[in-house]
Amino acid sequence: DVDLQEWFGQNLPTLNVYQVDYDNSSDLKATYGVTYQHTFVLVDGEGNALKTIQGPSDDALKSLIGAQ
């Protein structure tokens, strides 16, 4: 959250960000194939995983969410 605010300021992209408790989310981990705690999954409006990255650098995370 802090990084997003720093990167975008008042011009946040239109997206929803959800933080999920890795230790208590077995169903979500199975659904999206998450095996590493610091995993980010880009999901479309239907719940389909579009892209998954693990332990990303700031640049990789910016790329995932469409920041330039």
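In region 59-68, which residue that is out of contact with any Lys or Arg (no Cβ under 7 Å at 6 or more places or on another chain) and within 18 Å of residue 37 (Cβ to Cβ) is modelled with the lowest pLDDT?
Within region 59-68, the match that is modelled with the lowest pLDDT is 61.
What are the residue pairs meeting all of these: first residue in region 55-66, first residue in contact (Cβ under 8 Å) with a residue 12 or more places away in the chain and more than 17 Å from residue 15 (Cβ to Cβ), second residue open to solvent by 60 Å² or more (accessible area, probe 1.4 Å) and not aromatic (Phe, Trp, Tyr), Cβ atoms under 9 Å, and 6 or more apart or on different chains?
55/37; 55/38
Could you tell me how many of the residues in region 15-68 are aliphatic (A, V, I, L, M), open to solvent by less than 50 Å² (accessible area, probe 1.4 Å), in a loop (DSSP other than H, G, I, E, B) and under 14 Å from residue 3 (Cβ atoms)?
Total satisfying the criteria: 1.
The values are calculated or read from the model by the stated rules, or taken from the named source; none is laboratory data. Keep in mind it's a predicted model, so treat the numbers as computed, not measured. Cβ sites come from the backbone with ideal geometry, for glycine too, and all protein chains shown count toward neighbours. All accessible areas refer to the heavy atoms of the entire protein, side chains included, with ligands and DNA or RNA removed. Shrake-Rupley method; radii C 1.70, N 1.55, O 1.52, S 1.80 Å.
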